[in-house]
Every structure is written in structure tokens, then in C-alpha cells.
1. Probe radius 1.4 Å, ligands and nucleic acids ignored: give me the carbon and sulfur share of the accessible area of the chain as a rounded percent.
2. For the chain, give the share of DSSP beta bridges that are antiparallel, in percent and rounded to the nearest 5; count only bridges with both residues there.
3. Using only alpha-carbon positions, what ratio does the radius of gyration of the chain give when scaled by 2.2 N^0.38 Å?
4. As a test of understanding, state the convex hull volume per residue of the stretch 70-110 from its alpha carbons, in Å³.
5. What list of ³J(HN,Hα) values in whole Hz, one per residue of the stretch 30-41 in order, does the Karplus curve 6.51 cos²θ - 1.76 cosθ + 1.60 (θ = phi - 60°) give from phi, with Gly and Pro shown as x?
6. Which value, in Å², gives the accessible area per residue of the stretch 1-103 when a 1.4 Å probe is used on the protein heavy atoms?
7. Any chance you could run the full-extension gain for Lys85 through Leu13? It's 0.36 nm times the residue separation minus the Cα-Cα distance, nm to one decimal.
8. List, in order, the whole-Hz ³J(HN,Hα) value for each residue of the stretch 6-17 obtained from phi through the Karplus relation with A = 6.51, B = -1.76, C = 1.60 and θ = phi - 60°; use x for Gly and Pro.
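The values are calculated or read from the model by the stated rules, or taken from the named source; none is laboratory data. Remember, predicted model here, so these are calculated numbers, not experimental data. Areas reflect the complete protein model, heavy atoms only, side chains present, ligands, DNA and RNA absent. Shrake-Rupley method; radii C 1.70, N 1.55, O 1.52, S 1.80 Å.
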Amino acid sequence: MRNSLYSGNNVTLPAPYALTSGQVAQVGSIIGVAQGAAASGADVVLVRQGVFTLTKTAAQAWTLGQNLYWDNATRAVTTTVGTNKMIGAAFAAALAADTVGQVLLDGAIR
């Protein structure tokens with residue numbers, strides 16, 4: 001196709017805040033994992049698909065395949081819908097005591 005720009009699995013956007021490699025960033029409804037470090041406002045490559053170990057909200061247990069959401073205020077993955085944006089699904093169960101969990105990002109914008 002002549003009108004295709006690129007797959008969209010990785011996108012380059014201005015960092016919404018200072019990022020280190022592996023941190024989640026939300027730009028509007030686009031959510032991805034920073035491929036490298038970036039200062040706030042600098043271009044950063046966000047990876048939008050794949051399985052990542054990410055910081056999770058404390059005291060929440062996850063089940064395999066459970067829908068997960070990004071809480072941009074706390075910068076953690078959560079099971080709470082509210083105003084949070086869907087980030088993907090749990091790729092493995094996680095205990096409430098766990099500080100990180102495995103997340104499958106599907107690249108969808110919701």
C-alpha cells in the first residue's frame with residue numbers, strides 16, 4: 001500500500017514526562033513502553049505491542065488474561081477501570097503482594 005506509513009508497533013512521540021527505558025508513557029490515548037530514556041518533550045520510541053514486566057498497583061491480585069488499565073496519576077498498571085485507559089491483559093497471574101506483573105500490550109487505542 002502506498003498510503004501505509006509504518007506498522008505502528010513502535011511509534012516516536014514527544015515524551016509526556018522524563019522517562020527511563022522500560023517505563024510506561026501515556027500520550028493522550030496512546031500508551032507504550034519507552035524503548036530508551038528521554039527528557040520531557042524529547043522524542044521517544046514507544047513500543048506498543050509485546051509482553052513486559054511493569055509496575056503494578058499494590059494490593060491487587062491479577063488472574064491470567066484479566067483486563068488491565070494504566071493509571072497515569074500513579075504510573076502503575078491497575079485492575080481499576082474508572083478513568084484509566086486499557087493497557088492490555090495480564091500475561092501471568094500476580095499476587096497482591098507483588099510490585100510488578102507481566103502485561104501483554106496489544107497496541108489497541110481505546
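1. Ligands and nucleic acids excluded, carbon and sulfur reach 56 percent.
2. 95 percent
3. 1.06
4. 74 Å³
5. My calculation for the stretch 30-41 gives 8, 10, x, 9, 5, 6, x, 6, 7, 6, 4, x Hz in order.
6. 54 Å²
7. 24.1 nm
8. After applying 6.51 cos²θ - 1.76 cosθ + 1.60, I find 5, 5, x, 5, 10, 10, 9, 9, x, 5, x, 6 Hz.
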